[in-house]
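The values are calculated or read from the model by the stated rules, or taken from the named source; none is laboratory data. The shown structure was predicted, so the numbers you read here are calculated from the model rather than taken from an experiment. Note that each Cβ is placed from the backbone with ideal geometry, even for glycine, and that neighbours are counted across all protein chains shown. Only protein heavy atoms, including side chains, enter the accessible area calculation; ligands, DNA and RNA are left aside. Shrake-Rupley method; radii C 1.70, N 1.55, O 1.52, S 1.80 Å.
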Amino acid sequence: MQPGRASLTSVYVAMGRAAADGKTDVTRFSDPTAMMLLPEDARRRVETYLAGAPPRTLKEGWARGSLKARAAMMVARTVAVDDAIRAAAAPQLVILGAGLDGRAWRMSELRDVVAFEVDHPDTQRDKRTRVSSLTQAAREVRFVPVDFERDDLETALASAGHDPTRPTTWVWEGVVMYLRRRDIEATLQVIARRSAPGSRLIIVYVAPALIS
């Protein structure tokens, strides 16, 4: 990502969820927050896609096909992670690289959960300009600004009130493949130190060799 700008990856992921909401045969998938969390230009692109207008150029055709494929992928990915969060039923949820994730505003199962949204300050700042329009589902949401390559994750979590003596569900979705090995290992060490018995780590990643 570029300094001072929100992550484009987080926008693409939310676009996939927004494009799939209410348009998939997978009844267990729903994400009404995705469209609301998108920046205006991305929202217009999803609305154009949903309107079904035929592409006018090869570029538009490629973009439409790409969004359709991403929507299908996000349905499967989102359902799998949501199910794992429900099964863990921990009192704390930490989303590493939260992006435009809307779980703390759409999952009723988080009503007694403290959710910690950890992400780069630029992406988080962009998200917070729009999240106020949503109704919070989690008992509490705490934003934890962290640059994984520069900041101390453990210090940031402790300052935000994360309790290492209580079970935590950790969600690391679609971030690992963009980090250096040493940053991945450092993050895993923090997770290990701050995970009480009953904690669970959920990781979604793509092998680097497949996207290089």
Residue satisfying condition, being part of a strand (DSSP E or B) and over 25 Å from Phe29 (Cβ atoms), within set Arg142, Arg166: Arg142
Evaluate the following for Val206: is it surrounded by 14 or more Cβ atoms within 10 Å (Cβ to Cβ) and among the aliphatic types (A, V, I, L, M)? no
Given the criteria open to solvent by 40 Å² or more (accessible area, probe 1.4 Å) and either more than 20 Å from Asp112 (Cβ to Cβ) or touching a Gly at 6+ places or on another chain (Cβ under 9 Å) (or both), does Arg200 qualify? no
I'd like to verify a number: residues in region 31-67 that are more than 25 Å from the chain's Cα centre (by Cα) and among the β-branched types (Val, Ile, Thr), how many? 1
Among helices (runs of 4 or more DSSP H) entirely inside region 1-79, those with 1 or more residues being open to solvent by less than 90 Å² (accessible area, probe 1.4 Å) and touching a Pro at 6+ places or on another chain (Cβ under 7 Å) are 8-20
Unmet criterion (only one of (1) assigned to a helix (DSSP H, G or I); (2) closer than 16 Å to Arg77 by Cβ; (3) not basic (Lys, Arg)) for Ala192: (2)
Any residue at all in region 62-79 that's modelled with pLDDT of 95 or more and of a type in the set (Phe, Trp, Tyr)? no
Quick check on region 83-102. Is at least one of its residues open to solvent by less than 30 Å² (accessible area, probe 1.4 Å), out of contact with any strand residue (DSSP E or B) (no Cβ under 7 Å at 6 or more places or on another chain) and part of a helix (DSSP H, G or I)? no
From the list Val146, Val114, Val131, pick out the single residue that is surrounded by 19 or more Cβ atoms within 10 Å (Cβ to Cβ) and closer than 20 Å to Pro91 by Cα. Val114
Condition met for Thr57 (among the β-branched types (Val, Ile, Thr) and touching a helix residue (DSSP H, G or I) at 6+ places or on another chain (Cβ under 9 Å)): no
Here is a list: Ala186, Ala192, Ala158, Ala138. Which entry is under 19 Å from the mean Cα position of the chain (by Cα) and either open to solvent by 20 Å² or more (accessible area, probe 1.4 Å) or in contact (Cβ under 8 Å) with a residue 40 or more places away in the chain (or both)? Ala138
